[in-house]
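What follows is a structure written as structure tokens; I'll ask about it next.
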4 protein chains.
Amino acid sequence: MSGSTFGKLFRVTTWGESHGPAIGAVVDGCPSGLPLREKDIQCFLDRRKPGQSKYTTMRNESDKVEILSGVFEGKTTGTPISLVIHNYDQRPKDYGNMVQTYRPGHADYPFTEKYGFRDYRGGGRSSGRETAGRVAAGAVASLFLKEMGITVTTYTKSIGPIAISEEDYHFAEITENSLYMPNNDAAKKAEVYLSSLLKNLDSSGGTIECFATGLPVGLGEPVFDKLDANLAKALMSVGAVKAVEIGDGVGAASSAGSLNNDEFCIRNGQIAKKTNHSGGTLGGLSDGSTLLVRATVKPTSSIARTQSTVTSEGRETELSIKGRHDPVIVPRAVVVVESMTALTLADLLLENMGSRLNKIKTFYSEGMK
Amino acid sequence: MSGSTFGKLFRVTTWGESHGPAIGAVVDGCPSGLPLREKDIQCFLDRRKPGQSKYTTMRNESDKVEILSGVFEGKTTGTPISLVIHNYDQRPKDYGNMVQTYRPGHADYPFTEKYGFRDYRGGGRSSGRETAGRVAAGAVASLFLKEMGITVTTYTKSIGPIAISEEDYHFAEITENSLYMPNNDAAKKAEVYLSSLLKNLDSSGGTIECFATGLPVGLGEPVFDKLDANLAKALMSVGAVKAVEIGDGVGAASSAGSLNNDEFCIRNGQIAKKTNHSGGTLGGLSDGSTLLVRATVKPTSSIARTQSTVTSEGRETELSIKGRHDPVIVPRAVVVVESMTALTLADLLLENMGSRLNKIKTFYSEGMK
Amino acid sequence: MSGSTFGKLFRVTTWGESHGPAIGAVVDGCPSGLPLREKDIQCFLDRRKPGQSKYTTMRNESDKVEILSGVFEGKTTGTPISLVIHNYDQRPKDYGNMVQTYRPGHADYPFTEKYGFRDYRGGGRSSGRETAGRVAAGAVASLFLKEMGITVTTYTKSIGPIAISEEDYHFAEITENSLYMPNNDAAKKAEVYLSSLLKNLDSSGGTIECFATGLPVGLGEPVFDKLDANLAKALMSVGAVKAVEIGDGVGAASSAGSLNNDEFCIRNGQIAKKTNHSGGTLGGLSDGSTLLVRATVKPTSSIARTQSTVTSEGRETELSIKGRHDPVIVPRAVVVVESMTALTLADLLLENMGSRLNKIKTFYSEGMK
Amino acid sequence: MSGSTFGKLFRVTTWGESHGPAIGAVVDGCPSGLPLREKDIQCFLDRRKPGQSKYTTMRNESDKVEILSGVFEGKTTGTPISLVIHNYDQRPKDYGNMVQTYRPGHADYPFTEKYGFRDYRGGGRSSGRETAGRVAAGAVASLFLKEMGITVTTYTKSIGPIAISEEDYHFAEITENSLYMPNNDAAKKAEVYLSSLLKNLDSSGGTIECFATGLPVGLGEPVFDKLDANLAKALMSVGAVKAVEIGDGVGAASSAGSLNNDEFCIRNGQIAKKTNHSGGTLGGLSDGSTLLVRATVKPTSSIARTQSTVTSEGRETELSIKGRHDPVIVPRAVVVVESMTALTLADLLLENMGSRLNKIKTFYSEGMK
């Protein structure tokens, strides 16, 4: 029933349908005193805004966010932050022919079975548009992390068969191409690939990678709310994600202990790891090295090609989806993955504060002066 | 702080350290009237029991479970079910040399940083032994699912480079080899591979696959508590798991929409899918086809080979781990993955009941007669 | 940190400050198929609207609610329902002199200590205006309960020394006087009392009583989420409430078992109780008789009389509060108490569905046809 | 379904039936480094142990607690603390005649309706014996509070008509009489009263009061998880409690703002209140003054006098309860109220740490050195 809330202490609740009057999020638990302006959130939303390139949907939304509560004189007050984005480009007519036809790859069928009927306008709640609320909230979490010295970087690692190896990463190039790839050459190849798919009325999947630096050691709450477990949930809850990997991920299956273990050493007087196959977690807790997580995004389900399908009355039919859709979701999902990662980290950062008696005593003895 | 509880309605809380007096679990929210005997749980625990083959640890534990509450006259009462497994083979001396040395691949370092010190006996709470509590609880969830007509099947898909293709699955063979592989020939090859690793003081990773049939359509709670999202958390929370995939998983990244979409059809008068690339979920809800999930397990971190590491005082040192450890965790983790899947499904099955007003009205009007 | 969410399955998150641009609520977990229009919510909000009589604040707010999501073609869809009420009559200047002066009886001091600063405009988040979000959500819960055959009735039992005995209740009169008392004569006496207080620049407390009929037997989840426990939290979370009683409440302390026990009997072929000292719960579960709960509301803290107080810099000073304030909060809080009761009942009604295996089996076997 | 867990960060899950093999609790989220021995818990359990006087049940239980996890070398490790108390004096035969007869004032009827059947042995899960788990967990919370400089004091304020006024409190006398009253003379009068009730086969109710000092200002999470709201739930969840009051409680209804408001002043250079009608909270947050909460306990439902009742088959009958029962529950419930208060405070103390950005930054910058 109530699945629209994520997080325990730094908590977001999202709401809104693709073609309703608005979508939004409520961020509860954000500490007081964080400088927050609408434009800080807007720059996050702009990264997922449609219409940035010919490979993303042509839907025309300004996605302008308003802060309705929780901020006073430019700073968060510790009370819930209500964020609203009005929908302007609602075109219910575009979807008229899909009222009773279940789109392959979409949630139409199980939504109808679960709830008895559905808001069929553009996918309703199961639309990718729902992620705008996540991104608005993620922007707030990211600002909080930044204040804590934590940086999260996210990019497109692969689109279809075009994958970038670690040694070819040039992070400065991420913002230089519309696909958010850390390698402009790869981005060009990916564009050629996408153009050919478009001609074939087809779509592509891809991979998004995200890393975080500056984390304190020990984030994550054993044994179920581990850092990697919460991240896996956070990322898998994004519509098109079909796999989540930490560090070497699926590669660990065919590795050996002697290769996969990261030996410890002392570097600059600090405990460090010689390698980072684990992706920055040990036993589900952050281990002081770079946190590395990867999400696989399936190819866009909305394709113009004719597909076999059925109607809600149980009749076989055919469907070719018209309207405005991304031939690849990956570039716009980059900031969604970053947002979900930031929300996960912010939440565990707060929960971790209560781990040790001595630290709590120090906290309150200083706080009470 | 409090991360040892999983689930919202069908909820498990686990407790216990590797070498404490006992480990256990409390299952809260199990419906009343479910027939439950200790032996129903025991047969699950026996599947993860050490000492089943030469590829699993020689620790000698009977892992005998006791039911301390929640069952009356052979049936669950609707009150919390307390399950306890006493530890008998505690050998704290085996671990004496590891008090201050951080084992590569283990949680020793971040646990110490988080909590200020740690129970160093055999990994304490971060030991694989913690999963016994999960399995005991998972057995209860599985019995509930069985009553609901839901079957969960789990097996070893790969060990190191020895992977079994879908067309070679013989599910009857799963219980015929000690590696729980659905192909006895592959199991033999895997045994040869493991023997060579053992000689080299090394260990192997692998992959566990799990499928469920009989699920009603619509399980999962958008947008964060989706079926796939909750499963991802459930499985990633298991100690050595580094990746979770649904359906085609990482393969979806390089696929195209026309290949990845599962077209709908009518089969036996029912809505069905021609293929199942999605792994049984659409929009994060069960779609009536087989739910398919896969977990990558990293190679056992405890290896006899000498490794570089550091001490808690920040001094570099070397370590070779003695004692009783599995050269591959995968076979014993099969039932852990099955348990976590069962717990996830049981929880969402209960939450789904409140989806539609009409069904709730029918439920109560009949219930009140 | 994140305390603005109430409920587990039927869940409300409220947001907004007294003088921010808007206040609102997100209702998550409301079953699909419930007819819901803005005017259904408006009639609830109108009951707490300021300016209904000379005994309530003169603040001029239309409190017009907008539904931004979760409703399609006049019915709830099962997705979060976002409700927004814009603030129009913001008069920050009225509160200018209270920026650094802590008002007695208000949250100014602990809010400032907790968060470092506060939105001082009219109490910010700690204003009674926050309850508008609760009432909007409560209206949705009430509609759901109504569909389930459950009726909730709420009224003013006492204002200052003017209390109405059970034998003098005339429920039809509740809506005939502006104090929502079930006895017009008592209401007249209370008005005289309030007038005298007003002259003395003073304010009054009172008692609100609420009863619910039509509940199925067994609502409540032992041992912490009992019906009475959840109700106590729900009602005590309302700003000015200082006591919550179930049934005979504080009177039970001086009673004897032989008087306080409600004997069972058979009435119209059904199990019934001869008396209802328990207020409709046994062991924290609904027992089929009328649920009866009572909340004590303290006198309005904002009084025009001069009071001693201190500033945030720790200097003693005097304060007389100007502006628009209710000499008695009770009448406007009646619908708040009703709303919190409705939210509590809706939540437990959903959770109760998973109690018995047999009922769950029936539910799904029918649901899957 | 799953109602046996209390708390968000400092979290307890209780389990066990009156006549099952054992009862217990799991405490999750207790910070590491807290010295904890079984005898620290035992002294709490001894306060609720039966058989302390002729006014408490003669059931013979040693209530000896065992710590099964979460403690290593005398200190908590930050992992779940499993506490078990074995039941020795199980006498199922005593209850044989109550299998199908519903006891007035007990949960027999709604439990049977909710779950389809019940563990009828001594009330099963709805027995007062369930509170032993709460008290064991409360002892841990109390030790934590003590380390934080917080003291909780609890006592019997009234038994039947024998009530002690504030000016007659002598806290040193609480442990000098078996009724835990802060006035030995009142205790003697109460004993006379109880003796007369016993002769009449009757029982008495009473009032328990609890105060806490040393709390930091600002505990509680607006707007639903306020300190008073969480306390109200905590206390109302205790079996026989029918009312919860904060500060003046029900007395506030007939008070006036000028009397009820606590004026602020400067005392010893600190902000203080001249009076404490509010009971230590403002806006649901701790305000630095003494927290004062009161619970009304109904008369023991189990009385030897013959009562009218019904059977589960719907037949009217009579019942006179034999066996071992307390003529007044209040004295044994004192430590239960204290435990629930301690658990509530411990939980909010942890959550409060994340309120201010600056404090979090200081916490982590020091913690990471």
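Taking B:Thr317 as the residue in question, decide whether it is in a helix (DSSP H, G or I) and more than 7 Å from every other protein chain (Cβ to nearest Cβ).
Considered against the rule, which asks whether it is in a helix (DSSP H, G or I) and more than 7 Å from every other protein chain (Cβ to nearest Cβ), B:Thr317 comes out as no.
Okay, residues lined up against (1) surrounded by fewer than 24 Cβ atoms within 10 Å (Cβ to Cβ); (2) at pLDDT 90 or above:
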| site | (1), (2) |
| --- | --- |
| B:Ser53 | yes, no |
| B:Thr56 | yes, no |
| B:Gly74 | yes, yes |
| B:Asp89 | yes, no |
| B:Lys93 | yes, no |
| B:Ala107 | no, yes |
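OK, next. So which of B:Leu349, B:Leu292, B:Leu345 is more than 10 Å from chain A (Cβ to nearest Cβ), outside any helix (DSSP H, G or I), out of contact with any His (no Cβ under 8 Å at 6 or more places or on another chain) and touching a residue at least 60 places away in the same chain (Cβ under 8 Å)?
Among B:Leu349, B:Leu292, B:Leu345, only B:Leu292 is more than 10 Å from chain A (Cβ to nearest Cβ), outside any helix (DSSP H, G or I), out of contact with any His (no Cβ under 8 Å at 6 or more places or on another chain) and touching a residue at least 60 places away in the same chain (Cβ under 8 Å).
Now for a different question. Being under 19 Å from the mean Cα position of the chain (by Cα) and at pLDDT below 95 narrows it down to one of B:Asp326, B:Asp347, so name that one.
When all the criteria are applied, what remains is B:Asp326.
Quick test of your reading of the structure: D:Leu282 fulfils all but one of (1) touching a helix residue (DSSP H, G or I) at 6+ places or on another chain (Cβ under 8 Å); (2) at pLDDT below 95; (3) at the interface with another protein chain (Cβ under 7 Å from one of its Cβ atoms). Name the failing condition by number.
Looking at each condition in turn, D:Leu282 falls short on (2).
B:Ile329 passes all but one of (1) buried (at least 23 other Cβ atoms within 10 Å of the Cβ); (2) facing another protein chain (nearest Cβ under 8 Å); which number fails?
Failed condition: (2).
Say we look at the stretch B:130-144 and pick out the residues that are within 11 Å of another protein chain (Cβ to nearest Cβ) and of a type outside the set (Val, Ile, Thr); which of these is nearest to B:Arg103 (Cα to Cα)?
The selected residue is B:Glu130.
Continuing with the same structure: Spot the failing condition for B:Leu282; the list is (1) surrounded by fewer than 24 Cβ atoms within 10 Å (Cβ to Cβ); (2) in contact with a Phe, Trp or Tyr (Cβ under 7 Å, 6 or more places away or on another chain); (3) not hydroxyl-bearing (Ser, Thr, Tyr), and only one is missed.
(1)
Evaluate the stretch C:271-292: report whether one residue or more is within 26 Å of the chain's Cα centre (by Cα) and among the basic types (Lys, Arg).
No, there is no match, as no residue in the stretch C:271-292 is within 26 Å of the chain's Cα centre (by Cα) and among the basic types (Lys, Arg).
If I filter the stretch B:156-169 down to residues being assigned to a loop (DSSP other than H, G, I, E, B) and closer than 18 Å to B:Leu291 by Cα, which single residue comes out as farthest from the other protein chains (Cβ to nearest Cβ)?
B:Tyr169
Filter the stretch C:303-313 down to residues that are surrounded by fewer than 24 Cβ atoms within 10 Å (Cβ to Cβ) and part of a loop (DSSP other than H, G, I, E, B) and give me whichever is nearest to the other protein chains (Cβ to nearest Cβ).
C:Arg305
Matching residues to (1) among the basic types (Lys, Arg); (2) more than 14 Å from chain A (Cβ to nearest Cβ); (3) buried (at least 24 other Cβ atoms within 10 Å of the Cβ); (4) under 19 Å from B:Phe72 (Cβ atoms):
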| residue | (1), (2), (3), (4) |
| --- | --- |
| B:Ser4 | no, no, yes, no |
| B:Leu9 | no, no, yes, no |
| B:Val12 | no, no, yes, no |
| B:Trp15 | no, no, yes, no |
| B:Ala22 | no, yes, no, no |
| B:Cys30 | no, yes, yes, yes |
| B:Gly33 | no, yes, no, yes |
| B:Leu36 | no, yes, no, yes |
| B:Arg47 | yes, yes, no, no |
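Next question. Which residues, counting only those in the stretch C:223-236, are assigned to a helix (DSSP H, G or I) and within 7 Å of chain D (Cβ to nearest Cβ)?
C:Asp228, C:Ala229, C:Asn230, C:Ala232, C:Lys233, C:Met236
Of these, A:Ser254, A:Ser237, A:Ser204, which one is of a type in the set (Ser, Thr, Tyr) and within 19 Å of B:Val223 (Cα to Cα)?
Only one candidate qualifies: A:Ser237.
So, one more: Against the condition closer than 29 Å to A:Arg103 by Cβ and in contact with a His (Cβ under 7 Å, 6 or more places away or on another chain), how does A:Thr300 come out, does it pass?
yes
Next question, about the same structure. Quick one: A:Ser82 ticks every box in (1) at pLDDT below 95; (2) in contact with a strand residue (DSSP E or B) (Cβ under 9 Å, 6 or more places away or on another chain) bar one, so which box is it?
Exception for A:Ser82: condition (1).
I've got another one for you. Go through the stretch C:252-269 and report how many residues are in a strand (DSSP E or B) and under 26 Å from D:His277 (Cβ atoms).
Of the residues in the stretch C:252-269, 0 are in a strand (DSSP E or B) and under 26 Å from D:His277 (Cβ atoms).
Hey, among the residues in the stretch B:110-120 that are part of a helix (DSSP H, G or I) and at the interface with another protein chain (Cβ under 8 Å from one of its Cβ atoms), which one's farthest from A:Leu282 (Cα to Cα)?
The extreme case among them is B:Tyr115.
Evaluate the stretch A:237-251: report whether one residue or more is farther than 19 Å from B:Ser237 by Cβ, part of a helix (DSSP H, G or I) and more than 7 Å from every other protein chain (Cβ to nearest Cβ).
yes
With the requirement that a residue be hydrophobic (A, V, I, L, M, F, W, C) and under 19 Å from A:Glu338 (Cα atoms), what does the stretch A:151-163 give you?
A:Val152, A:Ile159
Can you find a residue that is outside any helix (DSSP H, G or I) and within 25 Å of the chain's Cα centre (by Cα) anywhere in the stretch B:329-338?
yes
Then there is this: Can you work out which of the residues in the stretch A:125-136 that are among the polar types (S, T, N, Q) and over 20 Å from A:Ile81 (Cβ atoms) is surrounded by the most Cβ atoms within 10 Å (Cβ to Cβ)?
Selected residue: A:Ser126.
On to the next question. Looking at A:Val250, is it touching a helix residue (DSSP H, G or I) at 6+ places or on another chain (Cβ under 6 Å), without any contact (Cβ under 8 Å) to a residue 12 or more places away in the chain and crowded, with 21+ Cβ neighbours inside 10 Å?
Judged against the criteria, A:Val250 is a match.
Ok, one more. Among the numbered criteria (1) surrounded by 24 or more Cβ atoms within 10 Å (Cβ to Cβ); (2) over 17 Å from the mean Cα position of the chain (by Cα); (3) among the aliphatic types (A, V, I, L, M), which one does D:Ala163 miss?
Of the numbered conditions (1) surrounded by 24 or more Cβ atoms within 10 Å (Cβ to Cβ); (2) over 17 Å from the mean Cα position of the chain (by Cα); (3) among the aliphatic types (A, V, I, L, M), the odd one out for D:Ala163 is (1).
Residues are listed down the side, and each one gets a yes or a no for (1) surrounded by fewer than 24 Cβ atoms within 10 Å (Cβ to Cβ); (2) farther than 29 Å from B:Arg11 by Cβ; (3) modelled with pLDDT of 95 or more; (4) not hydroxyl-bearing (Ser, Thr, Tyr):
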position: C:Thr213; (1), (2), (3), (4): yes, yes, yes, no
position: C:Leu219; (1), (2), (3), (4): no, no, yes, yes
position: C:Asp228; (1), (2), (3), (4): no, no, yes, yes
position: C:Lys233; (1), (2), (3), (4): no, no, yes, yes
position: C:Val241; (1), (2), (3), (4): no, yes, yes, yes
position: C:Asn260; (1), (2), (3), (4): no, yes, yes, yes
position: C:Glu263; (1), (2), (3), (4): yes, yes, yes, yes
position: C:Lys274; (1), (2), (3), (4): yes, yes, yes, yes
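I would also like to ask the following. In this structure, is D:Ala187 crowded, with 21+ Cβ neighbours inside 10 Å and either assigned to a strand (DSSP E or B) or more than 7 Å from chain C (Cβ to nearest Cβ) (or both)?
yes
Hey, any hits in the stretch C:137-155 for a residue that's outside any helix (DSSP H, G or I) and surrounded by 24 or more Cβ atoms within 10 Å (Cβ to Cβ)?
So far as the stretch C:137-155 goes, yes, one or more of its residues are outside any helix (DSSP H, G or I) and surrounded by 24 or more Cβ atoms within 10 Å (Cβ to Cβ).
The values are calculated or read from the model by the stated rules, or taken from the named source; none is laboratory data. Not measured: the values here are computed from a predicted model. Quick reminder, even Gly has a Cβ in these numbers, built from the backbone with ideal geometry, and neighbours come from all protein chains shown.
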